[in-house]
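Please treat every number below as a calculation from the coordinates, not as lab data. Note that this is a predicted model, so its numbers are computed, not measured. Virtual Cβ from ideal backbone geometry, glycine too; neighbours counted across all protein chains shown.
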Amino acid sequence: MIRNIIFDIGNVLAAWQWREFYENFHYSPEVTERLARATVLSPLWEEFDRGEMDEEVLLGKFVENDPELEKEIRKVRQNIHDMLGRYDYAVPWIQALKRKGYGVYYLSNFSRQAHRECSHVLDFLPLMDGGILSYQEKLIKPDPAIYQLLLARYGLIAQECVFLDDTERNVEAAIRQGMAGILFRGREQALEELRKLGVDA
């Protein structure tokens, strides 16, 4: 029986809208794509979420990815307040699950800067029973250790948990730890998948 719902944050409980954020700087499409490749689409982005590297050092490495765009990279990284957007369903959904007796947790690859500068969108976090943001533990999904840490910290039984994430490899990693997993493609689809697992979502 599923007793605990574990959510990813980006594109599940809040919109990870990096493309719209970059486009709002009104650079040419070519420059916007180069900025993306140098930053959010770079393998270095995982290190941003891991939180082991100093933010200024990491910014310098983003610049090294495309030195001609140093000015633009520094500008878009200066404040990422609008890189995360609100999903109006997040708070009511969590509240409804809690009223029905489910434990509700979060497990997300998330940077220190995003936690600091996008806090206005994260008003659902205090409503939850706990969770892990990757930068705080220096672990990122799909490392098995981050799933094991969540289970151990909150005394959860894997077989009583379902994990929702928009990235397939992260869901597969949760399943390997004994949890049920749902590849999130939208709230209605997720609700249907939860119902199939016997969750009154």
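Extent along the principal axes, Cα only, for the chain: 55, 31, 26 Å, with the longest axis given first. With the convex hull constructed from alpha-carbon coordinates only, segment 18-77 shows a mean projected area of 3.7 nm² over all directions. By the beta-carbon count within 10 Å of each Cβ, the least crowded to most crowded order of 66, 54, fewest first, is 54, 66.
Segment 155-193 and segment 91-146 have Cα centres lying 14 Å from one another. Residue exposure proxy: 47, 23, ordered by other Cβ atoms within 10 angstrom of their Cβ from fewest to most, comes out as 23, 47.
Summed over qualifying helices (DSSP H, 4 residues or more, each -39500 (n - 2.57)) and divided by its residue number, the chain shows a 222 nm mean residue ellipticity of -12500 deg cm²/dmol. Per the Debye formula on identical point scatterers at the alpha carbon atoms of segment 76-140, with no solvent, log10 I(q)/I(0) at q = 0.19, 0.24 Å⁻¹ is -0.80, -1.10. Cross-link partners of residue 100 among lysines, defined as those whose alpha carbon lies under 27 angstrom from its own and excluding same-chain residues fewer than eight positions apart: 196.
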